[in-house]
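J.: Here it is: the structure, laid out below.
Coordinate-derived values only; no laboratory data. Remember, it's a predicted structure, so these values are computed and weren't measured experimentally. Using ideal geometry, Cβ is built from the backbone for each residue, glycine included, and neighbour counts are taken over all protein chains shown.
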Amino acid sequence: MPLSSRLSYYQRIFSAYVLGGNSQLTFWHETPELNPSAPLDKLGEYYMVFAEKARYAGHFDDGGIPMLDYHGRIGRQYNPIAIAQYGLAHYNAFCRTRNSASWEKVLGVANWLAMHLENNAQGVAVWNHHFDWEYREMLRAPWYSGLAQGQGISLLVRAHQLASDGRYADAAERAFAAFLRSTDDGGVTFTDQRGDLWLEEYLVTPPTHILNGMIWAAWGVHDYFLATGNPKAKQVFDLTVQTVLRNLERYDLGFWSLYEQSGTRLPMVASAFYHQLHIVQLRVMERLTGEAEFERMAARWDGYRRSGVNRWRALAAKAAFKIVNY
């Protein structure tokens, strides 16, 4: 990465993480918060609060669909993950207030998701990102993501539950098929040599097993099971839970959590935001599964977060990783 690009990158990171100022990262970096009102055995409010996402003050198209401004050559773009999260934020708001404006936003997002599923080269219905994105290698448009598949499903099944619109159920069913196919076969799953099933956020070779993306994707699979009773969804979710449990220790650095399992010379340490997100996600997983190991690790990582020494150590490790790898 050229020096000018690196300086721009670190300016954005400083603004988003330290100053809390506006940047194209603002939508993503709401303080993660578990939603205690989310039911565990049926569809209802989403598992995280997403209150700030409902108040997104950035760009929208003429239909009220949020667009993220990546600036530079990428510019304003539809990001299916952000669109789904915006819809889930307003779904939570509607559940609490019964405000018709929030419901209209939910329906607007559900309509967009139903209309924008596209078949990939293997005939699997996916939500594509229509802009290039650099993650280790350049992801050339159009590219898709297990995270987008999961969160799109989470929104669609909730919208269908209240609106009884068959388009939403059909789109969720089509999107779920990606979780039944490997990344080599047009899907978003990867099975390693131990037989562990991973849900991949970015489809790269070798796979990087991004923790937050896998967990969010798994919630979409779980939601599809709650909505449909599909035993294949239950199987995928259960296998994913076991994969996370078997591999959690690999994400523990002894002072902070890892973002991914990439095998790079320097490991990709989670940013402060993603470390906090991991803690919240693990606590949601404990609520959904009853597995005490999730809470045990969440408590350990929360202890790391409370240490000023650990926070600075993680920041230094993150910066070193970016300098070496980007």
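J.: Over the chain, what is the relative contact order in whole percent, taking alpha-carbon pairs under 8 Å and six or more residues apart?
T.: Relative contact order for the chain comes out at 13 percent.
J.: Using a Förster radius of 25 Å, what is the FRET efficiency between GLU33 and VAL309 based on their Cβ-Cβ separation? Nearest 0.05, please.
T.: 0.50
J.: If I stretch the segment between ARG96 and LEU245 completely, what's the gain in nm (0.36 nm per residue apart, minus their alpha carbon distance), one decimal?
T.: Gain on stretching ARG96 to LEU245: 50.3 nm.
J.: Taking 7 Å along the Cα-to-C-beta vector as the label spot, tell me the THR264-MET115 distance in nanometres, rounded to one decimal.
T.: Modelled inter-label distance: 3.8 nm.
J.: Hey, rough spin-label estimate for GLN122 and ILE323, points 7 angstrom out along Cα→Cβ, what's it come to in nanometres?
T.: 4.0
J.: Can I ask one more? Quote to one decimal, in nm, the extra length available between ASP165 and THR205 on full extension: 0.36 nm per residue of separation minus the C-alpha distance between them.
T.: Full-extension gain reported as 10.6 nm.
J.: What is the fewest-to-most order of MET67, MET115, MET268 by other Cβ atoms lying within 10 Å of their Cβ?
T.: Details: MET67 16, MET115 9, MET268 20.
Starting with the residue having the fewest Cβ neighbours, the order is MET115, MET67, MET268.
J.: I want to check the label-to-label distance for LEU180 and ASP69. Put each point 7 Å from Cα in the C-beta direction and report it in nm to one decimal.
T.: 4.3
J.: Could you tell me what percent of the DSSP beta bridges with both partners in the chain are antiparallel, to the nearest 5?
T.: 95
J.: Measuring from centroid to centroid over Cα atoms, what is the spacing of region 196-265 and region 295-326 in Å?
T.: Comparing the Cα centres of region 196-265 and region 295-326, I get a distance of 20 Å.
J.: Mind listing the long-range amide H neighbours of SER257? Cut-off is under 5 Å, sequence gap 5 or more, other chains count too, H placed in the peptide plane at 1.01 Å from N.
T.: When sequence neighbours closer than 5 places are left aside, the close amide H contacts are ALA270.
J.: Not counting the cut sites, what is the longest span of the chain without trypsin sites (Lys or Arg not before Pro) that DSSP labels loop and that have at most 11 other Cβ atoms within 10 Å?
T.: By the stated rule (loop sites, at most 11 other Cβ atoms within 10 Å), 195-264.
J.: Using helices alone, I'd like the mean residue ellipticity at 222 nm for the chain: each DSSP H run of four-plus residues gives -39500 (n - 2.57), total over residue count, nearest 500.
T.: -16500 deg cm²/dmol
J.: Arranged from highest to lowest average of other beta-carbon atoms within 10 Å per residue, in what order do the peptides 142-152, 31-41, 253-263 appear?
T.: Details: 142-152: 26.3, 31-41: 13.8, 253-263: 18.8.
Packing order, densest peptide first, comes out as 142-152, 253-263, 31-41.
J.: While we're here: Under the classification rounded if a/c is under 1.5, otherwise prolate if a/b is larger than b/c and oblate if not, where does the chain fall, given a ≥ b ≥ c as square roots of the Cα gyration tensor eigenvalues?
T.: Note, shape of the chain comes out rounded.
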